[in-house]
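The values are calculated or read from the model by the stated rules, or taken from the named source; none is laboratory data. Owing to the predicted nature of the structure, the values given are computational and were not obtained by experimental measurement. Neighbour counts are summed over all protein chains in view; Cβ atoms, including those assigned to glycine, are modelled from backbone coordinates with ideal geometry. Each accessible area value is taken on the protein alone, full model and side chains, heavy atoms only, with ligands, DNA and RNA left out. Shrake-Rupley method; radii C 1.70, N 1.55, O 1.52, S 1.80 Å.
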Amino acid sequence: MKKIVKELVILTLATLLIAAAVFFFLIPSHASISSISGLAIVLSALLPLPVSALTMLMNLLLLLLAFLLLGREFGYKTVYTSILLPLFLGLFERLFPDFRSFTGSDILDAAAYVFLVSIGIAVLFNRNASSGGLDIVAKLMNRFLRVPLGNAMSLSGMAVALSSALVFGSRTVVLSVLGTYLNGIAIDRFILGQNIKKRVCIVSKDFEAVRRFIISELHSGATVYDACGAYRLEHRREIITVVDKAEYQKLMSWIERHDPEAFLTVYNVSDMRYLPKPKF
């Protein structure tokens, strides 16, 4: 029970952050940046309904389509956040009926929105949830139009951004398109950046000392391969380890002191997992 309550609290706070980003920054900028709320901003200029009501209507319609056409791929977490988001927007509309802008600049408002909403979406993503909306549109495009999921997200986001041309000027359209592009980069950074580690491949004349340092000092695992140099056909052993940022700094400092002539290659790694053995 405590685990469920903790999960709901985290989902609620993340959704609150997204709603605050939409109300205090996205709506004042008039930009329709890659979200159902962005589309609601455009429609609110054409229809006598507030952004919160339009967001609720579109989210409910998309959830209904998802359950009818996709089955139960979207769990209770996405249903919860999809309904909670417009409720928070409605609350802000009542509390701050005449709110204009914190910054007085549509560019700064859009930048602040991208930053804050990326954090909120990253939290939801890492909890296996989403704010609904365009995620559902992308799933539908993937299922019925055979569009790859990543491309579907980009296409639906850009379609929302370009919809601002219906009611706003060219400045807002450009801001919406650029904001959508930067929003995708920021979300990837917040989601993947939390898990990025370094894969370090080391060929050293003092292999055993390197191995002992990794195992005993860094308390990290490693894999050893037999390698052969192409120029002199010398046989060496290569040791490969995956470390976090702090461990990487310690490893680099140690190698610079003990074997500055060691050969290293370093890669960024964002996903590590052990796959279960196949059952035959």
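Residues in region 144-153 that are in a helix (DSSP H, G or I) and either modelled with pLDDT of 80 or more or of a type in the set (Phe, Trp, Tyr) (or both): how many?
We begin by selecting, within region 144-153, every residue in a helix (DSSP H, G or I); these are 144, 149-153.
Those still in the list that are either modelled with pLDDT of 80 or more or of a type in the set (Phe, Trp, Tyr) (or both) too: 144.
Residues meeting the conditions: 1.
From the list Leu89, Leu68, Leu54, exactly one residue is open to solvent by 60 Å² or more (accessible area, probe 1.4 Å), among the hydrophobic types (A, V, I, L, M, F, W, C) and more than 21 Å from the chain's Cα centre (by Cα). Which is it? Show your work before the answer.
Working: Leu89 fails: open to solvent by 60 Å² or more (accessible area, probe 1.4 Å); Leu54 fails: open to solvent by 60 Å² or more (accessible area, probe 1.4 Å).
The match here is Leu68.
Considering (1) hydrophobic (A, V, I, L, M, F, W, C); (2) under 30 Å from Val160 (Cβ atoms); (3) open to solvent by less than 60 Å² (accessible area, probe 1.4 Å), say which one Ile185 fails and leave the rest.
Only one criterion is unmet by Ile185, namely (3).
Does region 59-78 include one or more residues that are in contact (Cβ under 8 Å) with a residue 12 or more places away in the chain and more than 23 Å from Arg143 (Cα to Cα)? Show your work before the answer.
So in region 59-78, the residues in contact (Cβ under 8 Å) with a residue 12 or more places away in the chain come out as 59-60, 62-63, 65-66, 69-70, 73-75, 77-78.
Checking the rest, the ones that are also more than 23 Å from Arg143 (Cα to Cα) come to none.
No, region 59-78 contains no residue that is in contact (Cβ under 8 Å) with a residue 12 or more places away in the chain and more than 23 Å from Arg143 (Cα to Cα).
Can you name the condition, by its number, that Thr78 falls short on among (1) open to solvent by 40 Å² or more (accessible area, probe 1.4 Å); (2) at pLDDT below 90?
That leaves (1) as the condition not met.
Report yes if some residue within region 158-166 is within 19 Å of the chain's Cα centre (by Cα), within 27 Å of Leu84 (Cβ to Cβ) and surrounded by fewer than 17 Cβ atoms within 10 Å (Cβ to Cβ); otherwise report no.
Yes, that holds for at least one residue.
I'd like the residue in region 36-51 that is over 20 Å from the mean Cα position of the chain (by Cα) and open to solvent by less than 20 Å² (accessible area, probe 1.4 Å) and, out of all such residues, is nearest to Tyr113 (Cα to Cα).
Per the stated criteria, the residue is Ile41.
Would you pick out the residues in region 215-244 that are assigned to a helix (DSSP H, G or I) and either loosely packed, with under 10 Cβ neighbours inside 10 Å or touching a helix residue (DSSP H, G or I) at 6+ places or on another chain (Cβ under 7 Å) (or both)?
Filtering region 215-244 down to residues assigned to a helix (DSSP H, G or I) leaves 215-217.
The answer is Ser216, and nothing else.
Among the candidates Ile18, Ile4, Ile33, Ile10, which residue alone is part of a helix (DSSP H, G or I), open to solvent by less than 30 Å² (accessible area, probe 1.4 Å) and aliphatic (A, V, I, L, M)? First the steps, then the outcome.
On the way: Ile4 fails: open to solvent by less than 30 Å² (accessible area, probe 1.4 Å); Ile33 fails: part of a helix (DSSP H, G or I); Ile10 fails: open to solvent by less than 30 Å² (accessible area, probe 1.4 Å).
Matching residue, one of Ile18, Ile4, Ile33, Ile10: Ile18.
Pick from Ala122, Ala111, Ala129, Ala138: which is aliphatic (A, V, I, L, M) and open to solvent by 50 Å² or more (accessible area, probe 1.4 Å)? So that I can check it myself, show each step before the final result.
Values: Ala122 fails: open to solvent by 50 Å² or more (accessible area, probe 1.4 Å); Ala129 fails: open to solvent by 50 Å² or more (accessible area, probe 1.4 Å); Ala138 fails: open to solvent by 50 Å² or more (accessible area, probe 1.4 Å).
So the residue among Ala122, Ala111, Ala129, Ala138 that is aliphatic (A, V, I, L, M) and open to solvent by 50 Å² or more (accessible area, probe 1.4 Å) is Ala111.
Can you say whether Ile255 is at pLDDT 90 or above, open to solvent by less than 30 Å² (accessible area, probe 1.4 Å) and either touching a strand residue (DSSP E or B) at 6+ places or on another chain (Cβ under 6 Å) or at positive phi (or both), as far as the supplied structure shows?
Working: at pLDDT 90 or above: yes; open to solvent by less than 30 Å² (accessible area, probe 1.4 Å): yes; either touching a strand residue (DSSP E or B) at 6+ places or on another chain (Cβ under 6 Å) or at positive phi (or both): no.
Spelling it out, it is not the case that Ile255 is at pLDDT 90 or above, open to solvent by less than 30 Å² (accessible area, probe 1.4 Å) and either touching a strand residue (DSSP E or B) at 6+ places or on another chain (Cβ under 6 Å) or at positive phi (or both).
Please go through region 235-252 and pick out each residue that is in contact with a strand residue (DSSP E or B) (Cβ under 7 Å, 6 or more places away or on another chain) and closer than 16 Å to His219 by Cβ. If you could, list the steps in order and put the result at the bottom.
Residues of region 235-252 that are in contact with a strand residue (DSSP E or B) (Cβ under 7 Å, 6 or more places away or on another chain), as a first pass: 235-244, 248, 251.
If the condition is that a residue be in contact with a strand residue (DSSP E or B) (Cβ under 7 Å, 6 or more places away or on another chain) and closer than 16 Å to His219 by Cβ, then Ile239, Thr241, Val242, Val243, Asp244, Tyr248, Leu251 are the ones that fit.
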